[in-house]
Structures are given as C-alpha cells and as structure tokens.
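In what follows, a structure is listed as structure tokens, so that the remarks can point back to it.
What follows draws every value from the coordinates through simple rules; no lab data is involved. On a predicted model such as this, the values are computed, not experimentally measured, just so you know. No Cβ is skipped: glycine too gets one built from the backbone with ideal geometry, and neighbour counts run over all protein chains shown.
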Amino acid sequence: MENFIEKANIFIAPQRLWIFFDEFNTTENIGLIKEIICERTLLGKSLPNNIVLLGACNPSRMQVNLNDDANNDRNKVGLSIDRYEMHNVTTNNRLLYTVVPIPETMIEHIWDFGFLTPSAERRYIETIIGQCKNNLTDDRSWYKTVVTLICESQDFIRRIEDVSSVSLRDVVRYRQLYDWFYTSIEHRSTAIEWSPLSVQVRAASLASLLCYYFRLYPAQRKQE
C-alpha cells in the first residue's frame, strides 16, 4: 500500500490512482482495509486525495444439498437480503467459502449487485463468444447454436451443483479453449480437406467437454 501512496504523490492533477480490493472479506485483516476505505488513512496517516478506493466482497453462502432447489431466494448469488445477517456468520463447516464479518461502518458503503438474469447472462455470453478467433460469428446460425449450448450448460451445472458453481469465467475459459483447439485442429489437419464449419464443430465440442462435461459426477449425470 505504501508503494501506491508514493505513486499517487507523484501524479499530477487531475490524475487519480484507482485501487481495487478484491474479495476483501476473505482476510482476517479486514479491520485495516476498513480503515483504508472508510477512514482514508493507513495506520493513522491520511491517504492522498487522488487515491480512489473500490472493493468487492463475497456473500456468506451456505452449502446446499444437490437435491435442494438451488434457485430459491436464499441461495441466489449476492449479499443476504438482510444485510446485517452476514454478521451472524461464524466458523461453520457448511460455508461454501471462508468469509469474515464485515464491519458495520463498511456495510453502509456496500452496494449489492445481485446476480445476472438469464437474458443478461446470454448477452454477456454472446459478447464473449463473439470475440472468438477464426470468424465464428460469420455463420450466424452456428454462432447462435454455440451460445445456446453454453447457456444450457451453465444452467444445467447450476441445477445439479450450486448457483455459484459456474460464472462468466467459465465462458472466457471456453473461448480460450475454443481458439486453441481450432488452431490446433487446423494446423494438424493440413492433409485433410475439412470445411471451416467442420473445424468449428470439433473445436466447440472439445471446449464443451473440458469446460462442462468432464466435471459431471457421478457418471449418471453425464447421461442427462
């Protein structure tokens, strides 16, 4: 943090230094982060005025049985409906991940962004997949098929595991795998006359297997 302060001090107005604290409620040093964000001091010393502080925190969510309805209100991604409920969370083996209570001073500054609706998530997926190499969007029909495949896969994993078990990170991973497989297949298949669509289908199928299919357990799930 001291390095950032030194950097901010050499900035010329109106330049600002933005600092982002990711998952700040997963550290035991949250009291220090509260001081930095809310009081704008570090160990009692004021921070430069041109430092802008932002952060993201994890919701305190409990594990659910696979037979439970993973889409009920209490299991949706986002902060608890009762914003003070997170203070009641103590060490518990059923927590999905470790979080620490957020100081009340910080709660007043928290905005709950909730979770993406299916239509909003689809638009994000369309944008991410639209960035695939090798002109995936040239064939609009195939492009829409790939987007639908990913949307259905995301929804299926959420229904059998947990609503937070997949995210847009998986979509980005899919895009990266698709690009790699497409390049690899095209490079290794110079002796075979494959149409561009055939290469796309193979790349999309392999990316789907790695991102979604192979994570299914037990084996019966793979039949669904």
Task: Cβ crowding within 10 Å averaged over residues, with 104-117, 130-143 ranked highest first - done: 130-143, 104-117
Open item on the list: On a full-extension model of 0.36 nm per residue, what is the gain between residue 110 and residue 124, subtracting their alpha-carbon distance, rounded to one decimal in nm?
Closed with: 2.6 nm
Open item on the list: Testing the spin-label approximation: label points 7 Å from Cα along Cα→Cβ at residue 38 and residue 216. State their distance in nm.
Closed with: 4.7
